[in-house]
Amino acid sequence: MDFLELSQKRYSVRKFSDKAVETEKLKKILEAGRLAPTAKNSQSHKIFVLQSEESLNRVRNVTKMTYNAPVVLMVCYDKTLSYKNAGDTRIPNYDGGEVDASIVTTQMMLEATELNLGTLWARGFDSQDIYNAFPEIASYELVCLLAIGYEAADSTPSPRHADRKPLSETVSYL
């Protein structure tokens, strides 16, 4: 499958089957994140893998945004390691950690799609609830949750999934 087909295939899965994600597939997904580019190669991201019943219950008790996926990645970054651009007068406190973690998440999401797994990038939750449930991540900045698993047989993309603006509305040549 070429890259555009892969990109088109991926959608936000909101109904997962209870089939476990194979260890080898999870390792490939995490490796895709490890290989992601980061500003000045800072590699400030930190990924917490939730796959035990105990850790999944902890996250499910504070947000429904996991949709009962068998694996949830908490994608975070370390502010002490992330790239800073103090010389930017327009954004004087720029911290690239969130962008870097987003690039990492995107690569993992697309690798999961390549492996015929579904994903959901979630940010629709109160992060303080996650920090309360997982005090071990207190020194990191939580960017998102990435739910991963096999799509349920009746899982379908949102009706909005295929709605895309034409390039003429999103691209300008200068």
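Each part gets one Cα centre, and for region 1-20 versus region 29-79 those centres are 18 Å apart. Treating cross-link reach as a plain straight distance, find the lysines whose alpha-carbon is under 24 Å from the alpha-carbon of residue 15, omitting any fewer than eight places away in the same chain. Counting by Cα, and skipping residues close in sequence, residue 15 has these lysines nearby: 25, 27, 28, 64.
Test of understanding: what is the full-extension gain from residue 115 to residue 40, defined as 0.36 nm times their sequence separation minus their Cα-Cα distance?
Working: separation 75, 0.36 × 75 = 27.00 nm, distance 2.93 nm.
Between residue 115 and residue 40, full extension yields 24.1 nm more.
Each label point was placed 7 Å from the Cα along the Cα-to-Cβ direction; for residue 91 and residue 155 their separation is 3.1 nm.
Let me know the Kirkwood hydrodynamic radius for the chain, please, with Cα pairs as the basis and the value in Å to one decimal. The answer is 17.3 Å.
Rank these by accessible area, largest first, 1.4 Å probe: 79, 46, 25.
Largest accessible area first, the residues go 79, 46, 25.
Taking a sphere under 14 Å around the Cβ of residue 47 and counting the other residues whose Cβ falls inside, with K and R at +1 and D and E at -1, yields a net charge of -2.
Counting only C-alpha contacts under 8 Å and six or more residues apart, can you give the relative contact order of the chain as a whole percent? If you can, show how the numbers build up before the last one.
Values: 281 pairs, mean separation 60.0, N = 174.
Relative contact order of the chain: 34 percent.
Straight-line reach from residue 84: taking Cα to Cα under 18 Å and skipping same-chain neighbours fewer than 8 places apart, the aspartates and glutamates in range are 95, 98, 100, 141.
Rounded to the nearest 0.05, what FRET efficiency do residue 57 and residue 79 give with R0 = 30 Å and r taken as the Cβ-Cβ distance? Could you check?
Details: r = 29 Å, r/R0 = 0.96.
Here the calculated transfer efficiency is 0.55.
Put a dot 7 Å past the Cα of residue 4, heading toward its Cβ, do the same for residue 23, and the two dots end up 4.0 nm apart.
The values are calculated or read from the model by the stated rules, or taken from the named source; none is laboratory data. Every value quoted in this text rests on a predicted model; they were computed, and no experiment measured them. Neighbour counts are summed over all protein chains in view; Cβ atoms, including those assigned to glycine, are modelled from backbone coordinates with ideal geometry. With ligands, DNA and RNA removed, areas are computed over all heavy atoms of the protein, side chains included. Shrake-Rupley method; radii C 1.70, N 1.55, O 1.52, S 1.80 Å.
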